[in-house]
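Visitor: Below you will find the structure I want to go over with you.
The values are calculated or read from the model by the stated rules, or taken from the named source; none is laboratory data. Nothing here was measured: the structure is a model prediction, and the numbers come from that model. Every residue, glycine among them, receives a Cβ derived from its backbone with ideal geometry; neighbour counts consider all protein chains shown. Just so you know, the surface numbers come from the protein's heavy atoms only, side chains and all, with ligands and any DNA or RNA stripped out. Shrake-Rupley method; radii C 1.70, N 1.55, O 1.52, S 1.80 Å.
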Amino acid sequence: RKRYLSTQHFYCNILCLSGIYFNVRGIQLTLHYMIKLPEAHMIIRKIGSTIKGHIIGNKILYISLFLFYIIGICLGAASVNDLDYQQKDEIVTFFNGFTKLLENGDFSQFNLFKLSLIDNIKLIFLFWLLGFTIIGIPVYYVIIGMRGFSTGFSSGLIMGVLGTKGIY
């Protein structure tokens, strides 16, 4: 297609029928593949750009939800320290029983996955329903904060009780 003549290199660009682009530079030969994007890739790119635009347009909302999650984690981790000895002992006993159940393999991984999936689908459906009302906005923040609290409490309990020896 194009020919360039310079003092250092002679470029000869040839487009083959197979769609492989050969670039001949003197003695060197490099292959470049011409990427022809089918419609599926174009749709994926359009969806990606739409999501990116949505995130950029609503970054204050995402940042505030992220802050509520982080605040929930901090409060959950701090609340482990406020438990008295009897409460902490009961939780540790329950936790140790759960880890023994995991070690023995006396549970169905599929059933555990199914329960988790059902709970998350219920939460997504609740978010979808609350999206129709104005009262849904504060409920989002409360639910995200509660998720952060449970993450922080669990992490704080594991680190506080087991310390450096870990779960297994």
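Visitor: State yes or no: is residue 101 of a type outside the set (Lys, Arg), open to solvent by 60 Å² or more (accessible area, probe 1.4 Å), free of Cβ contacts under 8 Å to residues at least 40 places away in the same chain and farther than 20 Å from residue 160 by Cβ?
Guide: Answer is yes for this residue.
Visitor: Look at segment 78-89 and say how many of its residues are over 29 Å from the mean Cα position of the chain (by Cα) and small (Gly, Ala, Ser).
Guide: 0
Visitor: Would you pick out the residues in segment 75-87 that are more than 20 Å from residue 138 (Cα to Cα) and open to solvent by 70 Å² or more (accessible area, probe 1.4 Å)?
Guide: Within segment 75-87, 81, 82, 84, 85, 86, 87 meet the criteria.
Visitor: If the requirement is being open to solvent by 50 Å² or more (accessible area, probe 1.4 Å), in contact (Cβ under 8 Å) with a residue 60 or more places away in the chain and either in contact with a helix residue (DSSP H, G or I) (Cβ under 9 Å, 6 or more places away or on another chain) or not aromatic (Phe, Trp, Tyr) (or both), which of these qualifies: 127, 107, 66, 149?
Guide: 149
Each row is one residue, and each column tells you yes or no for (1) modelled with pLDDT of 90 or more; (2) touching a helix residue (DSSP H, G or I) at 6+ places or on another chain (Cβ under 8 Å); (3) in a helix (DSSP H, G or I); (4) of a type in the set (A, V, I, L, M).
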site: 78; (1), (2), (3), (4): yes, yes, yes, yes
site: 89; (1), (2), (3), (4): no, no, yes, no
site: 114; (1), (2), (3), (4): yes, no, yes, no
site: 141; (1), (2), (3), (4): yes, yes, yes, no
site: 162; (1), (2), (3), (4): no, no, yes, yes
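Visitor: Within the set of pairs 6+ apart or on separate chains, which have a first residue in segment 74-88 that is under 20 Å from residue 146 (Cα atoms), a second that is surrounded by fewer than 14 Cβ atoms within 10 Å (Cβ to Cβ), and C-beta atoms under 8 Å apart?
Guide: Listed by first residue and then by second, the contacts come to 76/150.
Visitor: Now a separate question. Restricting attention to segment 123-131, does a residue exist that is under 27 Å from residue 60 (Cα atoms) and touching a Ser or Thr at 6+ places or on another chain (Cβ under 8 Å)?
Guide: no
Visitor: Quickly run through segment 90-129 and pick out the residues that are under 26 Å from residue 64 (Cα atoms) and more than 23 Å from the chain's Cα centre (by Cα).
Guide: 129
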